[in-house]
Amino acid sequence: MSRELTYAEAIREAIDLAMARDERVFLVGEDVGVYGGAFGVTDGLYQKYGAARVRDTPISEAGIAGVATGAALTGMRPIAEIQFMDFITLSMEQLVLQAAKLRFMLGGKVEVPFVLRTPAGAGTGAAAQHSESLENWFVHVPGLKVVMPSTPADAKGLLLAAIEDPNPVIFVEHKLLYRTKGVVPEGYYTTPLSRSEIKRTGRDVTIVATSLMVARAMEAATELAREGIEAEIVDPRTLKPLDAEPLVQSVCKTGRVLIVHEACKTGGFGGELAAILAESEAFDYLDAPIRRLAGLDIPVPYNRELERRMVPQVTDIVEAARRLTKEAR
Amino acid sequence: MTDSYAELSPQTLHDLLHQMLLIRAFEESAEQLYLQGMIHGTMHLSIGQEGSAVGACAALRPTDYILSTHRGHGHCIAKGARVDQMMAEFFGKESGYCRGRGGSMHMADVDTGNLGANGIVAGGVPMAAGVGLSIQMQRQDRVALVFFGDGATNEGAFHESLNLAAIWNLPVVYFCENNQYAMSMAIGRASKVDRLSERAAAYGIPGVTVDGNDMLAVYRMTCEAVERARSGGGPTLIEALTYRWKGHSKSDKQRYRTKEEVKEWQDRDPIARLAQKMIEGAMLTEDALARLQAQVDEEIATAIEFAKASPEPDPTTILEGVYA
């Protein structure tokens, strides 16, 4: 019997299961308690676990990151929340210079096991300071792991895996995914980190997509299929450490690759993927240049139509993939 | 009942004096080795601040935690680290506390509860709140003491951490070593408040100022704060007034202070003061002091030999330690 949950419910279920089985796990962040989380993700957990383990904080992002680091260093398994990924900028020192580096600097003698969950992305009209996608900043920091689930089932399994992982994990959720539904297995299960997944098989073009773009790519693939173009969709799920092999093998098969992400193109994860593919055996199989489709290099505008145009939409993915299949070397 | 402040026995005083002498000898030899080109990078020497390091750590148990600063060699020794493994870390050797990966500013000895020196001013302060929370949630009979300087009290993270520790009643002792200067900025120019301990009022926690060069006064004050933390009374801010005899780091030309001022503070040498007190109390003789000095010189010499003889890290292990 399969049941559907929303992405938000799946995340909540993961947190609930982790907290029930391991008393070292606790939540810490702004409005995670009685309020139930700014996006309702932690709703009900305060009533179940109490104020000590579902711990509201003042507005202190550096403090939240520091508390997560110090607690993880000394035997706890915190799940910290930064309410909007934009505000992670206020946590940077503790995340980048402490959490990411302590194990290495101390000769491997400590561990910093925490998960920092954060809602990212545009599309809610919240404008430039509440719509960021900063995942690639953290991909660039050795010592951190970066996970971006695209479906409810992945969100639950990856979060449980991240909680079990002995490293600091930045777990990037997308606001527009919270209400999307999908089949989610019951009970406790983990989806391995650093394992990319083929979400759809195809032979004509590879589309590598992250987070919200996976669903849009899937929609685009349905449309492309009507034109006889079969797209293969690969979802890395964990950006760092990346499981590149399925991406490489897919491109060897199709010879054409379109990378799609929401974050703005310059300095985005797509550049990293393009270089990895160019340096791999896939290079010999390319029939066209590696193409990226990403957010425009602008802060997220308030105007609804401008905000829509800034980020790749289904039609943009269809057009880009179609164009790619017609390109020749 | 508390096991906090108790008059220290002559033997304990002797051991603490030994610790202070060891710190000074370590720092002086580190400077020498640097000038001889045997150690690279830079160092932030704590000569002159032995009273606050030793007095504070004397109030702690082996199971209590400390977090330290970039000027952390003294804290490390006072908390029980071995000078040979510290020296090896300085030399970047595999047998150093951090396998040569951390160096002076990231020296840590987890087995003695030292969660590390830190290269970021106030870097350890937010983490200390996390350590305190961890202790509280696990119902452990421990406290966390975090060292930081006067400069650190102006970092935003300082504010956030003390506030969190206050509202959650965490078992943390915030220990400020006010040595009068950040790098070149005198504390009088950096703060409008006369005594940094006054800032405790902003968080609703107790704050005290103590003569940082009076090791016994530091010990007594820290015992009180530790006892408060351990018994569920929450955090304290201690401000220990002290002075670093050397510049901020090796590149410091010390343009921002006078030689007269340095001399004034050297006349308040925490080591000389303790030795004097012990001699007056018939707990120490000049001969015994000389023997103690010879002993620490020997310990340091042995540590240096150990460091020199230790192997470099194997370059094939360069990628180790990033992820658990």
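Coordinate-derived values only; no laboratory data. Since the model is a prediction, treat every value here as computed from it, not as a measurement. Reconstructed Cβ throughout: ideal geometry from the backbone, glycine too, with neighbour counts over all protein chains shown.
Points worth noting:
- At q = 0.11, 0.18, 0.20 Å⁻¹, base-10 log of I(q)/I(0) for segment A:258-328 (Debye sum, equal scatterers on each alpha carbon): -0.31, -0.74, -0.87
- Cα-based equivalent ellipsoid, segment B:186-233: semi-axes from gyration tensor eigenvalues, Å: 22, 17, 6
- Proximal aspartates and glutamates relative to A:LYS109, as straight alpha-carbon distance under 19 Å, when same-chain residues fewer than 8 apart are discounted: A:GLU164, A:ASP165, B:ASP64, B:ASP84, B:GLU89, B:GLU94, B:ASP109, B:ASP111, B:GLU312, B:ASP314, B:GLU320
- Stokes-Einstein D for segment A:166-213, Kirkwood Rh over Cα pairs, 37 °C, 0.692 mPa s (µm²/s): 233
- In sequence order, calculated HN-Hα J values of segment A:30-36 (Karplus, 6.51, -1.76, 1.60; Hz; x Gly/Pro): 8, 6, 7, x, 4, 4, x
- The separation of segment B:185-262 from segment A:204-220, counted between C-alpha centres, amounts to 57 Å.
- Pairwise Cα inverse-distance average, inverted: Kirkwood Rh of chain A (Å): 20.1
- Peptide A:52-64, shielding by other chains (average Cβ, 10 Å cutoff): 5
- Toward the positive end of the charge dipole of chain B, with +1 on the Cβ of Lys and Arg and -1 on the Cβ of Asp and Glu, the farthest Cα among B:VAL110, B:ALA122, B:LEU33 is that of B:ALA122.
- Peptide A:133-145 is shielded by partner chain Cβ atoms: per residue, an average of 1 of them sit within 10 Å of its Cβ.
- Phi-based couplings in Hz for segment B:91-105 (Karplus 6.51, -1.76, 1.60; Gly and Pro marked x): 7, x, 8, 4, 7, x, 4, 10, 6, x, 8, x, x, 3, 7
- Cβ crowding within 10 Å averaged over residues, with B:225-231, A:109-115 ranked highest first: A:109-115, B:225-231
- Magnitude of the charge dipole, segment B:18-142, Cβ model with Lys/Arg +1 and Asp/Glu -1, debye to 20: 280
- Under the criterion of Cα pairs below 8 Å and six or more residues apart, the relative contact order for segment A:1-120 equals 24 percent.
- Contour excess over end-to-end distance, with Cα ends at B:LYS253 and B:GLN11 and 0.36 nm allotted per residue: 83.1 nm
- q = 0.20, 0.21, 0.22 Å⁻¹: log10 I(q)/I(0) that the Debye formula gives for segment A:57-119, counting C-alpha atoms only: -0.70, -0.77, -0.83
- Projecting the Cα atoms of A:VAL54, A:ALA18, A:PHE39 onto the charge dipole of segment A:9-111 (Cβ charges, centred on the Cα centre) puts A:ALA18 farthest toward the positive pole.
- Per residue of chain A, the DSSP helices (runs of n ≥ 4 H) give a summed -39500 (n - 2.57) that works out to -10000 deg cm²/dmol at 222 nm.
- Segment B:1-126, relative contact order [Cα under 8 Å, separation at least 6], %: 23
- Over 28 Å (Cα to Cα) - which of A:LYS156/A:LYS253; B:LYS79/B:LYS308; A:LYS240/B:LYS308; B:LYS253/B:LYS308; A:LYS101/B:LYS93 fall in this group: A:LYS156/A:LYS253; A:LYS240/B:LYS308; B:LYS253/B:LYS308
- Amide H to amide H, with H built 1.01 Å from N, A:GLU232 comes under 5 Å of A:GLY202, A:ASP204, A:VAL205, A:THR206, A:ILE207, counting only residues 5 or more places away or on other chains.
- In this structure, the amide hydrogen of A:LEU293, modeled 1.01 Å from its nitrogen in the peptide plane, lies closer than 5 angstrom to those of A:ILE259, A:VAL260, A:HIS261, counting only residues at least 5 positions away or on a different chain.
- Using C-alpha pairs below 8 Å separated by at least 6 residues, the relative contact order for segment B:138-183 is 58 percent.
- Cα-based shape type of segment B:92-214, given that a ≥ b ≥ c are square roots of the gyration tensor eigenvalues and the cut on a/c is 1.5: oblate
- Treating each Cα of the protein assembly as shown as an identical point scatterer and summing with the Debye formula, the log10 of I(q)/I(0) at q = 0.05, 0.12 Å⁻¹ comes to -0.28, -1.17.
- Distant-in-sequence amide H partners of A:GLU173 (H built 1.01 Å from N, under 5 Å): A:THR118, A:ALA120
- Kirkwood hydrodynamic radius computed over segment A:196-304 comes to 14.0 Å, based on all pairs of distinct alpha carbons.
- For the protein assembly as shown, the antiparallel share of DSSP beta bridges with both residues in that region comes to about 15%.
- For segment A:9-116, the spread of Cα positions along each principal axis, largest first, Å: 40, 31, 22
- Averaging the Cα positions of each part gives two centres, and for segment B:25-72 and segment A:291-308 these lie 52 Å apart.
- Summed over all non-identical Cα pairs, the Kirkwood treatment of segment B:1-142 gives a radius of 15.8 Å.
- Counts of other chain beta carbons within 10 angstrom of each beta carbon in peptide B:159-169 average 4.
- Cα convex hull of chain B - mean projected area over all directions, nm²: 17.1
- Assuming charge only on the beta carbon of Lys and Arg (+1) and of Asp and Glu (-1), the dipole of segment B:109-239 about its Cα centre is about 300 debye to the nearest 20.
- Charge dipole of segment B:154-209 (Cα centre as origin; +1 on each Lys and Arg Cβ, -1 on each Asp and Glu Cβ, all else neutral): 140 debye, rounded to the nearest 20.
- Karplus 3J(HN,Hα) series, Hz, for segment A:191-201 with 6.51 cos²θ - 1.76 cosθ + 1.60 (x for Gly, Pro): 9, x, 6, 6, 9, 6, 10, 7, 7, 8, 8
- For segment B:167-324, share of DSSP beta bridges that run antiparallel, in % to the nearest 5: 10
- Scaled radius of gyration (Cα, divided by 2.2 N^0.38 Å) that segment B:232-309 gives: 1.56
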